[in-house]
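Heads up: the structure comes next, in structure tokens.
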Amino acid sequence: MSNNKDVLDKVFGYVEENKIQFIYLWFSDVLGRLKSFSITPKELDEAFNEGMGFDGSSIHGFARIDESDLIAKPDPKTFSLLPWQLKEHPVAKMFCDILKPDGEPYEGDPRYALKRCLNKINERNYTYNVGPELEFFYFKNDKNPEPIDNGGYFDLTTLDAGSDLRRDTILTLEAMGIEVEYSHHEGAPSQHEIDLRYRDALTMADIVMTYRVVVKEIARQYGYYATFMPKPLIGVNGSSMHVHQSLFKNGKNVFFDSNDVYHLSNTAKWYIAGLLKYAPEITSILNQWVNSYKRFVPGFEAPVYVSWARRNQSTLIRVPIYKPGKEESTRIELRSPDPACNPYLAFAVMLAAGLAGIKEKLELPLPIEEDIYCMNKSDLSDKGITVLPGSLIEAITLTEKSRLVHDVLGDHIFNKFIRSKKVEWDNYRTQVTEWELKKYLPIL
């Protein structure tokens, strides 16, 4: 479509042609949990022109009770059907921007935080592309983490009971206009991965929110439960969300340099150096739950070491090998985020860290191609390799001091996020776990 009117006309035409009965308006709270309410087609014109009012004080991290009136204004470019509801009553969805009563963007809206970052680079004709690889588990129910299969990495056997679920999930995503590159069984029992074709960061953040809904919905239809919990099982790998990312300018990948030994431009090297420098400060945004740090244990493929490489998957950042004629695919892969983060905030802080590296022209250290998991403390120190925060409170403490994260998120989201995570940590550390009772009660 050439302009917004064309997009609106298409939405109205699609609603009428397909006899859509309800349109869900979706948005995210500060922690990345999807919120929704529905309207009927007769309210669609008002929704596009004025937005739909709601009580923001009831949304986590949003407005106080004395400033609770907020407006959800749908973005017509995000319109799509919800295929799993077609058999009953045709239903569609759109993501919304959250506004204040005066029509100005609401500073507590995570989508706006990302848009604010992207607007700064769009003014210079840059596009920030991301391609996340989200892992998840299928369990028999949401009460106990009992796997539905005993498959392993890339298994294609009867052990992989999730194959049908993945197939139907992919078909549903593609019916919604979401491109999938490939899918497979992951390394742990009942762990799976569906990888998305790269898109601009705002579109992809909306897609990640949709993806998580679709994965859970298809699992529910089969009588199972899908979870993006980072570490639901003891003794096996947790779930990650490796994020491939690149910068384009006027349609050209600015990360590529044919004359460099790594085929990386100075811009790409500065960007990587920025991610390495600011990784500890942004970790709480990329890994925002207490459980996220159960995954950050050496030996279970979690990238806890702040370093980069081309082939080495024990590093925080990996640069996929260049293939001749594939300049556009030059990218870097950040391996620390988990799939339960808020994608709007995660993409925003990743971009900001990389841009800070470009602005500061940070020097990129040499790649580490040896297995870091086999190194001792002395080896790590000699090579200047540091470690990511090992707990939520450690990560939050670093974020709280971060000027970069504060500037990206803004006062409102920054303060709400920090406060929420401190409450979560306090609630967690006052629990007496089953492990402690079994370990200490008989002997103390």
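Among the trypsin sites (Lys or Arg not before Pro) found in region 352-444, those both in a DSSP coil and sparsely packed, with 12 or fewer other Cβ atoms within 10 Å of their Cβ, are LYS361, LYS401. Centre-to-centre, using Cα atoms only, region 260-296 and region 314-362 are separated by 7 Å. Label positions at LYS42 and HIS184, each projected 7 Å from the Cα along the C-beta direction, are separated by 5.3 nm. In the list [x] 68, 60, 51; [y] 71, 50, 43; [z] 66, 56, 50, the label attached to Cα extents along the principal axes in Å as derived from the coordinates here is [x].
Note on PHE12 and GLU434: the extension gain reaches 146.4 nm, defined as 0.36 nm multiplied by sequence separation minus the Cα-Cα distance. Using the Cβ of LYS115 as centre and a radius below 14 Å, the other residues enclosed give a net charge of -3, where K and R count +1 and D and E count -1. The alpha carbons of region 4-102 occupy a box of 42, 28, 19 Å along the principal axes, longest dimension given first. The length gained on full extension between ASP411 and ASN125, counted as 0.36 nm times the residue separation minus their Cα-Cα distance, comes to 100.2 nm. How high is the relative contact order of the chain, given as a whole-number percent (alpha carbon pairs under 8 Å, six or more residues apart)? Here the relative contact order equals 14 percent.
Simple point charges give the picture: +1 on the Cβ of Lys and Arg, -1 on the Cβ of Asp and Glu, and for the chain a dipole about the Cα centre of about 700 debye.
Output the antiparallel fraction of DSSP beta bridges having both residues in region 4-102, as a percent to the nearest 5. Bridges in region 4-102 are about 75 percent antiparallel. Amide H contacts of PHE22: ALA92, each under 5 Å away and 5 or more positions distant or on a separate chain (H built 1.01 Å from N in the peptide plane; Pro and chain starts excluded).
Applying a threshold of 29 Å to the alpha-carbon distances of LYS35/LYS249; LYS326/LYS361; LYS19/LYS115 flags LYS35/LYS249; LYS19/LYS115 as lying beyond it. Straightening the chain between HIS60 and VAL387 buys 114.6 nm, computed as 0.36 nm per residue apart minus the Cα-Cα spacing. The label point for ARG220 and the one for ASP142, both projected 7 Å from the Cα toward the Cβ, are 0.8 nm apart. Each residue of region 436-444 was assigned a 3J(HN,Hα) from its phi angle through the Karplus curve 6.51 cos²θ - 1.76 cosθ + 1.60 (θ = phi - 60°); the sequence is 5, 5, 5, 6, 9, 4, x, 10, 10 Hz, with glycine and proline shown as x. Here's how it looks for VAL387: its modeled amide H is under 5 Å from those of VAL306, which are all 5 or more places away or on a different chain.
In this model, which of LYS77/LYS143; LYS216/LYS359; LYS42/LYS77; LYS42/LYS140 are farther than 30 Å apart at the alpha-carbon? Distance filter (> 30 Å) returns LYS77/LYS143; LYS216/LYS359; LYS42/LYS140.
Between LEU388, LEU366, LEU165, the GNM of the chain built on Cα springs shorter than 10 angstrom shows LEU366 fluctuating the most.
Once the Cβ-Cβ distance of LEU366 and ASN150 is raised to the sixth power relative to R0 = 51 Å, the FRET efficiency obtained is 0.80.
Computed about the Cα centre, the dipole magnitude for region 333-444 is approximately 460 debye when only Lys and Arg (+1) and Asp and Glu (-1) carry charge, each at its Cβ. For region 349-393, the list of GluC sites (Glu not before Pro) that fall in a loop by DSSP and count at most 16 other C-beta atoms within 10 angstrom reads GLU363, GLU369, GLU370.
Close amide H contacts of VAL254 (hydrogens built in the peptide plane, cut-off under 5 Å, sequence separation of 5 or more or a different chain): LEU247, PHE248, LYS249. Across SER68, SER190, SER240, mean-square fluctuation computed from a Gaussian network of the chain (C-alpha pairs under 10 Å connected) peaks at SER68. Looking at the chain, the DSSP beta bridges with both ends there are about 85 percent antiparallel.
Read the figures in this text as sums done on the coordinates, not as results from a lab. Being a predicted model, the structure only gives us computed values, none of them experimental. When we count neighbours, we look across all protein chains shown, and the Cβ atoms used for this are built from the backbone with ideal geometry, even at glycine.
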